[in-house]
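The values are calculated or read from the model by the stated rules, or taken from the named source; none is laboratory data. All figures in this text were calculated on a predicted structure; none of them were measured in a lab. Methodologically, a virtual Cβ is constructed for each residue, glycine included, from the backbone with ideal geometry; neighbour enumeration extends over all protein chains shown. The area values use the complete protein model at the heavy-atom level, side chains included, leaving out ligands, DNA and RNA. Shrake-Rupley method; radii C 1.70, N 1.55, O 1.52, S 1.80 Å.
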Amino acid sequence: MFDYKAAFQNAVDQVKSEGRYRVFADLKRVRGQFPRAVRRRPDGSEQDVVIWCSNDYLGMGQHPVVVEAMQAEVDQAGAGAGGTRNISGTTRSAVDLEAELAAWHQKDASLLFTSGYVANEATLTTLQRILPGLIIFSDSLNHASMIAGIRNGGCERHVFLHNDLAHLESLLAAAPADAPKLIAFESVYSMDGDIADLKGTIALARKYGAMTYLDEVHAVGLYGATGAGVAERDGVLADIDIIECTLGKAIGVMGGYIAADAVIVDAVRSWASGFIFTTSLPPALTAGALASVRHLKAHPELREAHQERAATLKRRFAEAGIPVMPSESHIVPVFVGDPVHTKMISDMLLEDHGIYVQPINYPTVPKGTERLRFTPSPDHDDGMMDALVQAMDRLWTHCNVARMPVAA
């Protein structure tokens, strides 16, 4: 008989042998103390830690305005949504949130999903059902959820070199002029921290009759006058056909959504299995997200502080000779280049210094580009930054990891 257990064990052992086996930290976040948390060690003892890798970029998951809105919604509406929206109807706060999100992105409508991954996978798959013969042009560093949605639809697809508009144009020019086309790309790429040329991409889309699909999950809440993302910052919101975002990063809760013209949203709502057959977000989450979005729109100082913290950490790392990778966004990646060393440094930072940052290994990034990815927030103060830079400096020497030339 087939040895099922051995097959699964072999799969795990392969990951371990490559140095990329992942261990989840057991963390208890303490309300009102972000980015501090309490870690439970394997032996049951506890350790105070500072989180340096959260995608809750602005600490909104701990913000009183969000927590209080969620608590109030539980008191009024209970815990669950009751099922899919087709069966159980729509929670009032979800309706209000969709209207708020649509207005935020200067679109007619928006549609909530249970996560950003589901929003991408379901929408990109569904577009291929709605648009027969669709050809999709996808950036080579697009997120796994976008890749899954494009593959699942089964249409013709072309991958263009990352942020390479010349390559994209060559692919567009070779496609049939009368075929429906879609350019799928991100604004902020989360592992390298670089930002796409939105205006240039839009110009190509217009030239070759393509729609644009922009993933703003690592930008929403963080860029633009009201936080609507890079498209708002660059003044091109009206020129993007479909914007996809998450509620689980800067907004601080959970969920995903698209925003677009009303007929596009209605078509996706009517055809997307990932929406139709999934229990909708509970009312506490939609109420918390609504409170968070309204707060972010009114408080640009959070975004200003966020950018300052990121710039300061990059400078501090460079001054210490720590190989911080070039990044034009709030992402602060530090190059290690080896999965074993990356995991070792991560473990020592946690165990010896109370600093939590996850190693980023293959398949999240290509082999040979393993790194630590830091995401400083407005709540990471100078003392926390001092402790981090000092610990990194000692470990870089202790582990004999290559440095960069020390800044003058």
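List of remarks:
- Relative contact order %, region 1-158, counting alpha carbon pairs below 8 Å whose residues are six or more apart: 11 percent
- Of every Cα-Cα pair in region 30-133, the percent that sits beyond 16 Å: 76 percent
- Gained length - Lys199 relative to Ala174, 0.36 nm times residue gap less alpha-carbon distance: 6.8 nm
- Checking every one of the chymotrypsin sites (Phe, Trp or Tyr not before Pro) in region 184-277 against DSSP loop status and a limit of 11 other Cβ atoms within 10 Å picks out Phe277.
- Rg/Rh, computed from the Cα trace of the chain with Rh as the Kirkwood radius, has the value 0.97.
- Solvent-accessible surface of protein heavy atoms, probed at 1.4 angstrom with all chains present, puts Glu370, Glu232 in the order Glu232, Glu370, largest first.
- Carbon plus sulfur fraction of accessible area for the chain, probe 1.4 Å, in percent: 54 percent
- Note on Arg315 and Ser17: with the Förster distance fixed at 41 Å, the Cβ-Cβ geometry gives a FRET efficiency of about 0.60.
- Cβ-Cβ FRET estimate between Lys28 and Arg294, R0 fixed at 25 Å, reported to 0.05: 0.30
- Normalised per residue, the accessible area of the chain is 44 Å², obtained with a 1.4 Å probe and no contribution from ligands, DNA or RNA.
- Projected onto its three principal axes, the C-alpha set of region 116-222 covers 37, 28, 20 Å, listed from the longest axis down.
- Which listed pairs, of Lys249/Lys297; Lys28/Lys343; Lys16/Lys367; Lys16/Lys314, have C-alpha distances above 20 Å, in listed order: Lys28/Lys343; Lys16/Lys314
- Applying 1/(1 + (r/R0)^6) with r as the Cβ-Cβ distance of Arg36 and Ala72 and R0 = 22 angstrom yields a FRET efficiency of 0.30.
- Separation of region 227-276 from region 84-131 is 7 Å, based on Cα centroids.
- Near the amide H of Gly256, within less than 5 Å, lie the amide hydrogens of Phe113, Thr114, Ser115, Gly116, Leu247, all on another chain or at least 5 residues away, with H placed in the peptide plane.
- Region 277-408 - percent relative contact order, Cα under 8 Å, separation 6 or more: 29 percent
- When Asp197, Asp215 are compared by accessible surface with a 1.4 Å probe, the order from highest to lowest is Asp197, Asp215.
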